[in-house]
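Single-structure report; data block below.
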Amino acid sequence: MQRAVRMGASLGFRLQALPLALGRSFSCSQDVLHRTPLYDFHLAHGGKMVAFAGWSLPVQYRDSHVESHMHTRRHCSLFDVSHMLQTKIFGCDRVKLLESLVVGDIAELRPNQGTLSLFTNEAGGILDDLIVTNTSEGHLYVVSNAGCWDKDLALMQDKVKEFQNRGSDVGLEVIDNALLALQGPTAAQVLQAGVADDLRKLPFMTSAVMEVFGVSGCRVTRCGYTGEDGVEISVPTSEAVHLATALLENPEVKLAGLAARDSLRLEAGLCLYGNDIDEHTTPVEGSLGWTLGKRRRAIMDFPGAKVIVPQLKGEVQRRRVGLICEGAPMRAHSPILSMEGTMIGTVTSGCPSPCLKKNVAMGYVPSKYSRPGTQLLVEVRKKQQMTMVSKMPFVPTNYYTLK
């Protein structure tokens with residue numbers, strides 16, 4: 001990652017100042033990697049390909065990471081997220097099946113409404129985060145992380161078999177589509193030119209199937225991983241390059257890669273699975289208690305409920321917090337210390353914020369240190385420096401909601 005990307009000199013960032021939350025997953029090796037339908041398209045547009053979660057993906061293009069980041073905040077960028085696992089759960093018992101695996105209230109979702117939810121284990125740990133949409137076509141559309149592809153698919157398939165053996169009506173299919181994310185304040189304006197549907201009627205976390213720039217059967221979901229307005233478009237694989245090319249014809253749109261995606265999501269206070277949350281983190285510790293459906297909390301019928309629900313009502317030993325500092329950027333694994341110099345926690349993600357011109361990070365600290373404004377120390381390159389607990393998101397989000 002450090003060799004693959006150079007930050008913009010305008011912020012005075014050094015080469016190592018990249019969002020290394022992704023560092024463990026990044027590699028320049030291209031051996032035995034999956035390729036998205038846009039692989040050749042990325043190369044043709046100057047994409048610098050790296051290994052990420054078993055896939056060959058662009059970390060950036062000809063623009064610097066910071067230029068891509070700021071273009072997304074001011075205009076809009078196109079990201080290839082085809083590595084994500086897309087699945088369809090169908091049958092009369094589809095809601096019961098998914099609710100046996102996640103913490104959310106899937107039954108309350110209106111047609112074409114979606115929600116962020118979490119797969120959990122019996123110890124209350126988070127197995128993955130996912131977006132679930134209750135489609136009007138009679139199935140659940142699920143998007144989960146590429147890094148958890150095998151684990152998530154096995155989890156769902158095993159549960160489907162268990163339900164089928166009990167006589168339940170349920171099935172699962174992997175959706176072999178590409179997935180494109182158009183993100184930024186002008187994303188809806190750009191997309192509106194290629195669709196007949198009125199996107200003003202498609203608010204955040206809702207979805208619809210429509211023709212997009214001549215490609216029929218696309219599922220457009222108003223969501224994303226940047227904190228900006230935008231959509232994710234599930235498009236038939238054979239039409240992915242056509243759609244990407246059509247979107248890029250608008251001068252508002254530029255391609256962006258993994259580096260910008262990571263710093264954008266960090267400014268927005270969004271978790272990266274495997275760094276900020278994992279099987280040893282509960283939703284409450286991860287400051288994701290809001291994902292638990294009210295009905296689900298009351299009846300405590302999701303995996304790990306006996307651990308998680310009491311945490312909502314009492315104290316937890318640690319919580320995920322935001323941190324801001326100046327000086328050297330905080331990185332994953334940087335120790336967090338009390339003002340007395342005692343180690344109390346660890347940074348899980350960190351990078352310089354192109355928007356704030358300060359360093360931002362997430363990490364876990366004991367609950368008594370989690371109040372915004374709390375002064376702490378962080379150790380970077382064996383030197384201690386001041387940091388302050390901050391509310392998240394660090395940069396205000398701009399999701400489109402109906403007034």
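The values are calculated or read from the model by the stated rules, or taken from the named source; none is laboratory data. Only a predicted model underlies this, so the values are computations on that prediction, with no experimental measurement involved. Positions of Cβ are generated from backbone atoms using ideal geometry, with glycine treated the same way; all protein chains shown enter the neighbour counts. Side chains are part of the model used for accessible areas, which takes the heavy atoms of the whole protein and leaves out ligands, DNA and RNA. Shrake-Rupley method; radii C 1.70, N 1.55, O 1.52, S 1.80 Å.
Does L264 satisfy the condition of being open to solvent by less than 10 Å² (accessible area, probe 1.4 Å), touching a residue at least 12 places away in the same chain (Cβ under 8 Å) and either acidic (D, E) or in a strand (DSSP E or B) (or both)? So L264 does not fit the description; no. Residue count for region 168-226 satisfying the condition of being of a type in the set (F, W, Y) and within 23 Å of the chain's Cα centre (by Cα): 2. Restricting the first member to region 225-238 and to residues that are more than 15 Å from Q86 (Cβ to Cβ), and the second to residues that are part of a loop (DSSP other than H, G, I, E, B) and among the β-branched types (V, I, T), the beta-carbon pairs closer than 6 Å and six or more apart or on different chains are G227/T397. Any chance region 31-47 includes a residue that's modelled with pLDDT under 95, over 25 Å from G230 (Cα atoms) and buried (at least 17 other Cβ atoms within 10 Å of the Cβ)? No, that holds for no residue. Might you check whether a residue that is part of a helix (DSSP H, G or I) and surrounded by fewer than 23 Cβ atoms within 10 Å (Cβ to Cβ) occurs anywhere in region 273-284? No, every residue in region 273-284 fails to be part of a helix (DSSP H, G or I) and surrounded by fewer than 23 Cβ atoms within 10 Å (Cβ to Cβ). Identification of strands (runs of 3 or more DSSP E) wholly contained in region 82-175 with 2 or more residues that are within 19 Å of L288 (Cα to Cα), open to solvent by 10 Å² or more (accessible area, probe 1.4 Å) and modelled with pLDDT of 95 or more yields 113-120, 126-134. Of the strands (runs of 3 or more DSSP E) contained entirely in region 311-403, not one carries at least 3 residues that are open to solvent by 70 Å² or more (accessible area, probe 1.4 Å), closer than 29 Å to D229 by Cβ and of a type in the set (K, R). For region 193-243, the set of residues classified as open to solvent by 60 Å² or more (accessible area, probe 1.4 Å), closer than 28 Å to P393 by Cα and part of a helix (DSSP H, G or I) consists of R200, K201, listed by residue number.
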